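Taking it in order: structure first as structure tokens, then the write-up.
The values are calculated or read from the model by the stated rules, or taken from the named source; none is laboratory data. Because the structure is predicted, anything quoted here is derived from the model rather than measured. Cβ placement follows ideal geometry from the backbone for every residue including glycine, while neighbour counts extend to all protein chains displayed.
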Amino acid sequence: MDGRYSTRRKGIYLLPNLLTTGGLFAGFYAIVASIDGNFPSAAAAIFAAMLLDGLDGRVARWTSTASEFGKEFDSLADMVSFGLAPAIVVYQWGVERLAEYGAVWGRIGWLAAFLYVAAAAFRLARFNTNVAQDRRFFQGLASPAAAAGVASMIWLAASYDGLDGLAALVAGVTITAVAGLLMMSRFAYVSFKEFNPGKRLRFAQLVLIPLVIIFVFLEPPVTVFALFVVYAASGPAAWLWRRRKRQAPVPP
């Protein structure tokens, strides 16, 4: 009886780390796929890593198997899947072609890709050391969200032939750099960790959720990229709104 119980507990302990390993493999595959020029598969692999990253922590909490090893392993896997992989995908997709328009353009693209990697490392280190953080909000854009923006941008560009040329490449590199800067920022972003499926929703939310799902099925790359833009802009927008309210004159 005791032997069977200990075996079961050991299996449950391995489960969240296996999910983390799956996310790490997805990030590795994204890098390999981008080197092979298969950018839709590279973007899909980053999204798969996001799904597995969302599951491993929840499984660890549900099974009471969270550990310091799991936290460190998850952070290192996130650095590969959401830091290194998106930057290499962008480099393979755009930076190499951007260099064809001149050495300066190539250097700018190279620096933007490195900025994203450095920002992801900074963001993960700050997250790991910030023990007094509010669970309802992230400080700075979370690395999975930034990776989703980069991946959806690549997916969008690969899905539409017209999104090419210098303007499209510069836009892609700019989005990558902005995502990196937002990761290093102190803007507050809703974490959705306090999401309660049993909570009552407003009528507008009941209408909006099915519409988003419909658009995801009709135009997946456009919808996912639009969701990233809205979420990424929500941090600076909320900061500006709060600052404006503080500076508003008090009525007599």
Which of the following residues is in contact with a helix residue (DSSP H, G or I) (Cβ under 9 Å, 6 or more places away or on another chain), of a type outside the set (A, V, I, L, M) and either at pLDDT 95 or above or closer than 30 Å to residue 14 by Cβ (or both): 126, 107?
126
Among the candidates 99, 42, single out the residue that is surrounded by 19 or more Cβ atoms within 10 Å (Cβ to Cβ), part of a helix (DSSP H, G or I) and of a type in the set (A, V, I, L, M).
42
If a residue has to be touching a residue at least 60 places away in the same chain (Cβ under 8 Å), of a type outside the set (D, E, K, R) and touching a Leu at 6+ places or on another chain (Cβ under 9 Å) to count, how many in region 44-66 make the cut?
1
Among residues of region 169-204 being assigned to a loop (DSSP other than H, G, I, E, B) and hydroxyl-bearing (Ser, Thr, Tyr), the residue modelled with the lowest pLDDT is 191
Note: among 114, 82, just one is under 14 Å from residue 180 (Cα atoms) and without any contact (Cβ under 8 Å) to a residue 40 or more places away in the chain, namely 114
For the structure I just gave you, tell me whether residue 77 is in contact with a Gly (Cβ under 6 Å, 6 or more places away or on another chain), modelled with pLDDT of 90 or more and buried (at least 19 other Cβ atoms within 10 Å of the Cβ).
yes
Unique match (being more than 14 Å from the chain's Cα centre (by Cα) and either on the phi > 0 side of the Ramachandran plot or part of a helix (DSSP H, G or I) (or both)) among 124, 166:
166
